[in-house]
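Trainee: Below you will find the structure I want to go over with you.
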Amino acid sequence: MTVEIRVPALGESLTTATVARWLKNSGDYVQHDETIVELETDKVSVEVTAPSAGRLEGCVAVGTEVEIGGLLGAVDETAEAPAAPEPVAAEPAPALKTAAPESVTSSARVTPPAPEAPKPVSAAPVPKLSSHEARERRVPMSRLRQTIARNLKAAQNTAAILTTFNEIDMSAAKALRAEYKDEFEKKHDGARLGFMSFFARAVVGALKDYPAINAQIEGDEIVYRDFVNLGIAVGTERGLVVPVLHDADRMSFAELERRIADYGKRARTGGLKLEELSHGTFSITNGGIFGSLLSTPILNTPQSGILGMHAIQDRPVVRDGQIVIRPMMYVALSYDHRIVDGREAVSFLVRIKQLVEDPRRLLLDL
């Protein structure tokens with residue numbers, strides 16, 4: 001009996017996928033529930049497993065675009081599993097034979113014939129390439145990369161994007177983290193206290209004061225939200241993905257840290273689910289982990305705001321009339337000027353600055 005392998009349901013907004021990689025070849029024997037092929041969609045990679053044990057056959061070619069429910073291949077259940085190979089005994093090494101000396105007279109010697117000269121072979125003409133063409137490689141864009149490019153360009157074409165900047169003294173946050181990180185990790189089952197949770201909590205607090213930055217335009221209406229679905233941008237080898245912390249306004253520091261670490265790990269291995277990439281209302285991107293000192297992030301449409309974090313760098317600043325060295329971070333807020341006024345955007349970023357520079361405000365909701 002032959003069992004068909006078909007494209008599984010991928011989510012409400014996805015109707016097609018691309019065959020990215022076969023982990024098994026046609027003719028291979030596969031086990032039930034063994035992962036055999038990877039599909040790539042606009043948002044996530046999907047692994048498809050064998051519906052039963054048997055011989056894999058009729059595999060659709062890599063790069064083929066397939067629809068939901070489309071045929072990927074089949075498994076022949078009547079095929080027998082290959083027998084385990086028997087161990088091969090090592091053959092004994094051949095004994096060395098000693099040749100008896102032969103007596104050769106001068107009259108018995110034979111002069112070998114002179115080797116024939118090789119005839120010249122005409123080589124096929126080689127097409128001439130320019131020095132640049134010879135050092136170029138052409139690689140098809142993945143579905144994810146095409147979607148990223150399309151969405152970023154759509155954001156520039158649709159939204160009136162403007163960016164405002166500020167800087168944050170990270171002294172208090174660094175001191176708090178240094179004092180409590182070991183105790184925090186011990187109490188919360190290995191969850192590490194990082195700076196992202198400080199900014200996540202600060203964003204949640206600031207969005208309550210400036211709700212337009214958590215809203216979006218739909219037609220001639222503005223949709224305001226009384227919840228925060230916070231997207232955390234993660235750079236992977238396949239491209240940028242933005243998993244979403246749904247109801248981040250209800251999460252503790254520990255839960256934020258656990259979820260962020262889990263999302264980052266699964267984003268890099270392609271293990272995110274579609275619902276974990278959907279329905280974000282505001283995003284954070286941290287170019288500082290790559291060394292970026294300042295940038296202007298692009299909106300993750302249809303969201304109206306995105307916060308850009310950057311590298312922490314010791315810089316001279318003035319405190320109480322004295323020049324001192326402090327760990328400083330530039331922050332950037334890109335926003336849709338169609339819905340967010342400049343006053344709101346600047347005030348929002350100042351609020352982020354206040355909350356991170358004095359983390360006690362986060363705990364006391366001040």
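Trainee: Please enumerate the residues belonging to the range 110-143 that are at pLDDT 75 or above and either part of a strand (DSSP E or B) or surrounded by 10 or more Cβ atoms within 10 Å (Cβ to Cβ) (or both).
Mentor: Residues satisfying the conditions are M141, S142.
Trainee: Oh, and also: For the range 347-366, which residues satisfy the criterion of being surrounded by 15 or more Cβ atoms within 10 Å (Cβ to Cβ) and aliphatic (A, V, I, L, M)?
Mentor: Hits for the range 347-366 are L349, I352, L355, V356, L362.
Trainee: May I ask you to list pairs of residues, at least six apart or on different chains, whose Cβ atoms are under 8 Å apart, with the first in the range 281-292 being without any contact (Cβ under 8 Å) to a residue 12 or more places away in the chain and the second being buried (at least 20 other Cβ atoms within 10 Å of the Cβ)?
Mentor: Once the first residue is without any contact (Cβ under 8 Å) to a residue 12 or more places away in the chain and sits in the range 281-292, no partner that is buried (at least 20 other Cβ atoms within 10 Å of the Cβ) comes close enough.
Trainee: Return the residues of the range 196-214 that are open to solvent by 40 Å² or more (accessible area, probe 1.4 Å) and in contact (Cβ under 8 Å) with a residue 60 or more places away in the chain; say none if nothing qualifies.
Mentor: R201, D209, Y210
Trainee: Quick check: is even one residue across the range 215-227 open to solvent by 20 Å² or more (accessible area, probe 1.4 Å), touching a strand residue (DSSP E or B) at 6+ places or on another chain (Cβ under 8 Å), within 26 Å of E275 (Cβ to Cβ) and in a loop (DSSP other than H, G, I, E, B)?
Mentor: no
Trainee: Taking the range 302-329 on its own, how many of its residues are in a strand (DSSP E or B) and surrounded by fewer than 21 Cβ atoms within 10 Å (Cβ to Cβ)?
Mentor: Looking only at that region, the number is 15.
Trainee: For the range 254-271, check the following and say yes or no: at least one residue is in contact (Cβ under 8 Å) with a residue 60 or more places away in the chain, out of contact with any strand residue (DSSP E or B) (no Cβ under 6 Å at 6 or more places or on another chain), of a type in the set (D, E) and buried (at least 21 other Cβ atoms within 10 Å of the Cβ).
Mentor: Yes: one or more hits.
Trainee: Additional query: Please indicate, with yes or no, whether at least one residue in the range 31-43 is in contact (Cβ under 8 Å) with a residue 40 or more places away in the chain and over 30 Å from A233 (Cα atoms).
Mentor: no
Trainee: Looking at the range 326-338, I want the residues that are on the phi < 0 side of the Ramachandran plot and among the β-branched types (V, I, T) and have a partner that is part of a strand (DSSP E or B) and open to solvent by 10 Å² or more (accessible area, probe 1.4 Å) with Cβ atoms under 9 Å, at least 6 apart or on another chain. Which pairs are those?
Mentor: V331/F165; V331/N166; V331/E167
Trainee: Could you tell me which of the residues T41, T35, T18 is among the hydroxyl-bearing types (S, T, Y), modelled with pLDDT of 85 or more, open to solvent by less than 30 Å² (accessible area, probe 1.4 Å) and within 22 Å of the chain's Cα centre (by Cα)?
Mentor: Matching residue, one of T41, T35, T18: T18.
Trainee: A further question follows. Which residues, counting only those in the range 152-170, are surrounded by fewer than 16 Cβ atoms within 10 Å (Cβ to Cβ) and assigned to a helix (DSSP H, G or I)?
Mentor: Result: L152, K153, A154, Q156, N157, T158.
Trainee: Follow-up. State all residues of the range 272-301 that are open to solvent by 30 Å² or more (accessible area, probe 1.4 Å) and assigned to a loop (DSSP other than H, G, I, E, B); if no residue qualifies, say none.
Mentor: K273, H279, G291, S292, L293, L294, S295, T296, I298, N300, T301 - these are the residues of the range 272-301 that are open to solvent by 30 Å² or more (accessible area, probe 1.4 Å) and assigned to a loop (DSSP other than H, G, I, E, B).
The values are calculated or read from the model by the stated rules, or taken from the named source; none is laboratory data. The model shown is predicted, which means the values in this text are computed figures rather than measured ones. Heads up, the Cβs are rebuilt from the backbone with ideal geometry, glycines too, and the neighbour counts pull from every protein chain shown. Heads up: the accessible areas ignore ligands, DNA and RNA and are worked out on the full protein's heavy atoms, side chains in. Shrake-Rupley method; radii C 1.70, N 1.55, O 1.52, S 1.80 Å.
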